[in-house]
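Encoded as structure tokens, the structure appears first; notes follow it.
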Amino acid sequence: MSSQEQQARTELHAWQQQMQRPPSLLNRFARRVQIRLNALLPERVHQAITAAIKQMVRGVLLGSKYTTSKPVAEASFAAREAAVRTRIRDYRTMATAEGAVTGAGGFLLGLADFPLLLSLKLKLLFDTAARYGYDVHDYTERLFLLHVFQLAFSSQHARNETYRRLADWDAYRLTLPLDPNEFDWRTFQQEYRDYIDLAKMAQLVPVIGAAVGAVANYKLIEQLGETAMNCYRMRHFAAEQPE
């Protein structure tokens with residue numbers, strides 16, 4: 001095993017422990033608050049938000065499927081990791097600039113940050129998949145990306161369940177529905193909104209919006225990149241184990 005793989009295993013192990021950590025008292029309190037706040041919204045509002053997020057994400061997924069480069073077939077593990085880190089830096093730079101611009105532009109321009117940042121996040125996941133050698137034309141690989149996204153931006157309670165699915169992906173993928181409409185879009189959008197609400201709401205505040213937007217987007221892309229790398233590391237090392 002190369003030194004890069006040994007380092008990756010060490011980082012992966014620490015990350016796995018974090019993903020399996022039970023919800024803290026603060027996590028449980030925050031979750032109860034979010035559940036109560038979500039309960040205040042009429043059902044038709046939840047349905048409208050879910051439908052909007054679903055169409056937005058599916059649109060980006062469809063576009064990214066055809067604009068993502070072909071999966072890298074022959075490359076060392078170290079080369080794949082280096083390429084992914086470069087893409088994370090690129091998207092982090094773009095997201096930071098985008099957050100600063102939309103944050104400085106007031107309320108209306110601040111609202112545009114949501115779909116723009118979402119597109120950058122999903123495109124980063126597609127590029128990451130290709131550099132680890134996975135073909136995003138495969139429907140189950142695109143669902144894998146949605147689960148990675150959900151793992152990165154969920155409460156600890158939902159994160160535990162999503163991690164278990166990803167950790168046993170080869171078995172779990174056999175249970176996936178053939179129709180993407182059956183994906184749990186309601187939980188997907190609700191967990192995502194609950195996770196980023198506070199940071200992105202502060203972005204709409206005059207004067208501090210640009211700084212908040214830049215920092216928030218930087219950290220969100222950084223977190224997604226770390227999550228994606230570790231998810232693909234799990235698959236890489238699992239594939240190396242003897243049957």
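The values are calculated or read from the model by the stated rules, or taken from the named source; none is laboratory data. Being a predicted model, the structure only gives us computed values, none of them experimental. Because the Cβ atoms are built from the backbone with ideal geometry, glycine has one as well, and the counts that use them run over all protein chains shown. Please note that ligands, DNA and RNA were not included when accessible areas were found on the heavy atoms of the full protein model with its side chains. Shrake-Rupley method; radii C 1.70, N 1.55, O 1.52, S 1.80 Å.
Restricting to the stretch 186-196, name every residue that is surrounded by fewer than 19 Cβ atoms within 10 Å (Cβ to Cβ) and either modelled with pLDDT of 90 or more or in contact with a helix residue (DSSP H, G or I) (Cβ under 6 Å, 6 or more places away or on another chain) (or both). Correct list: Arg186 only. If you go through the stretch 58-84 and keep only what is modelled with pLDDT under 75 and either within 14 Å of Leu124 (Cα to Cα) or loosely packed, with under 13 Cβ neighbours inside 10 Å (or both), you end up with Val60, Leu61, Leu62, Gly63, Ser64, Lys65, Tyr66, Thr67. Tallying residues that are in a helix (DSSP H, G or I), open to solvent by less than 40 Å² (accessible area, probe 1.4 Å) and modelled with pLDDT under 85 within the stretch 95-131 yields 10.
The lone criterion from (1) at pLDDT 70 or above; (2) open to solvent by 50 Å² or more (accessible area, probe 1.4 Å); (3) in a helix (DSSP H, G or I); (4) of a type in the set (Lys, Arg) left unmet by Arg31 is number (1). Scanning the stretch 142-186 for residues that are part of a helix (DSSP H, G or I) and either polar (S, T, N, Q) or on the phi > 0 side of the Ramachandran plot (or both) yields Gln150, Gln156, Asn160, Thr162, Thr175, Asn181.
Scanning the stretch 214-243 for residues that are touching a residue at least 40 places away in the same chain (Cβ under 8 Å) and open to solvent by 70 Å² or more (accessible area, probe 1.4 Å) gives Val215, Tyr218, Glu222, Glu226. Cβ-Cβ contacts under 9 Å between residues 6 or more apart (or on different chains), taken from a first residue in the stretch 3-21 that is aromatic (Phe, Trp, Tyr) to a second residue that is open to solvent by 60 Å² or more (accessible area, probe 1.4 Å), are listed as Trp15/Glu226. Criterion first (over 18 Å from Glu98 (Cα atoms) and at pLDDT 95 or above) does Glu240 satisfy it? Criteria not met by Glu240. Considering Tyr163, Tyr134, the condition of being touching a Pro at 6+ places or on another chain (Cβ under 8 Å), modelled with pLDDT of 90 or more and farther than 22 Å from Gln55 by Cβ is satisfied by Tyr134 alone.
Comparison of Ala171, Ala199 shows that the only residue that is modelled with pLDDT under 80, surrounded by fewer than 20 Cβ atoms within 10 Å (Cβ to Cβ) and more than 14 Å from the chain's Cα centre (by Cα) is Ala199.
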